[in-house]
């Protein structure tokens, strides 16, 4: 099955922060591919990956990068597919530089941007975009939301039963 999402990482050091993204895609059964491609060290590869994504069946591109974080913008300049940027921490500015670089795109080059290190939310947003044309995925998303809601309600029941101090003492 061809990938529905292309995930690009600016560096292999970014991979550990993608665990949430990988888990969401696996849980929702969304095929994806992940590649290392730097907007600064290999801009031609970034352009090739972005330009060829739609022909390979990709519907959304996610770009995760830290520091200057030009990857998502470089991708957006080379495809008309939706692009989601994940700003990553790890710099002296704890990811604020990445956030500003990712969210501040010029007119006509939009990049949807999630929170710093929130690969999980990037995966959920990609799933929501793809679900617009995939009823089965939409159903899986609704079930996932219902499960989150039920987990919260169970935690609340426990909080009501134990009180705040007891809840914290019990280790949530």
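The values are calculated or read from the model by the stated rules, or taken from the named source; none is laboratory data. The model shown is predicted, which means the values in this text are computed figures rather than measured ones. Cβ placement follows ideal geometry from the backbone for every residue including glycine, while neighbour counts extend to all protein chains displayed.
Look at residue 103 and say whether it is in contact with a strand residue (DSSP E or B) (Cβ under 6 Å, 6 or more places away or on another chain), under 21 Å from residue 133 (Cα atoms) and without any contact (Cβ under 8 Å) to a residue 60 or more places away in the chain. Criteria not met by residue 103. Inspect region 42-49 for any residue being surrounded by 20 or more Cβ atoms within 10 Å (Cβ to Cβ) and without any contact (Cβ under 8 Å) to a residue 40 or more places away in the chain and give the result as yes or no. Taking every residue of region 42-49 in turn, at least one turns out to be surrounded by 20 or more Cβ atoms within 10 Å (Cβ to Cβ) and without any contact (Cβ under 8 Å) to a residue 40 or more places away in the chain. The residues on offer are 68, 39, and the sole one that is closer than 22 Å to residue 96 by Cα, surrounded by 20 or more Cβ atoms within 10 Å (Cβ to Cβ), at pLDDT below 95 and out of contact with any strand residue (DSSP E or B) (no Cβ under 6 Å at 6 or more places or on another chain) is 39.
Flag set for residue 2, criterion: at pLDDT below 95 and more than 27 Å from residue 89 (Cβ to Cβ). Here residue 151 meets each of (1) under 21 Å from residue 20 (Cβ atoms); (2) modelled with pLDDT under 95 with one exception, condition (2).
Of all residues being assigned to a loop (DSSP other than H, G, I, E, B) and touching a helix residue (DSSP H, G or I) at 6+ places or on another chain (Cβ under 8 Å) in region 142-172, which is nearest to residue 29 (Cα to Cα)? Just the residue, please.
172
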